[in-house]
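The values are calculated or read from the model by the stated rules, or taken from the named source; none is laboratory data. None of the values given here were measured: they were computed from a predicted structure. Glycine gets a Cβ as well: all are built from the backbone with ideal geometry, and neighbour counts include every protein chain shown.
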Amino acid sequence: MVDTNKTVVLITYNTPEEAAIVAGMLRSNGIACEIENRNNLYVPTFNGVDIIVFEKDASRAHQLLSQHLD
């Protein structure tokens, strides 16, 4: 049985602004996604900003990214 609620990290960006632009593009194409900011404002470490999608949508999301970000 496939877990339709499983999520995966689609891509990681350096800034929340970059992630927000891509998340908006994904959402406008019907792909639900969340942004998870792993950067720490209090310690100077930058771990990135992840865009998380449902595993069932990951292939389509990768296709959209390759079409729009090349």
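If you check Asn47, Asn5, Asn37, which single one turns out to be at pLDDT below 95, under 12 Å from the mean Cα position of the chain (by Cα) and surrounded by fewer than 15 Cβ atoms within 10 Å (Cβ to Cβ)? Selected residue: Asn37, the only one of Asn47, Asn5, Asn37 that is at pLDDT below 95, under 12 Å from the mean Cα position of the chain (by Cα) and surrounded by fewer than 15 Cβ atoms within 10 Å (Cβ to Cβ).
Scanning region 5-36 for residues that are in contact with a helix residue (DSSP H, G or I) (Cβ under 6 Å, 6 or more places away or on another chain) and in a loop (DSSP other than H, G, I, E, B), we see that the one that is farthest from His62 (Cα to Cα) is Lys6. Taking Asn29 as the residue in question, decide whether it is at pLDDT 95 or above and over 12 Å from the mean Cα position of the chain (by Cα). Answer is yes for this residue.
Of all residue pairs spaced 6 or more apart or on separate chains, none has beta-carbon atoms under 8 Å together with a first member in region 30-59 that is over 14 Å from Val8 (Cβ atoms) and a second member that is acidic (Asp, Glu) and modelled with pLDDT of 95 or more.
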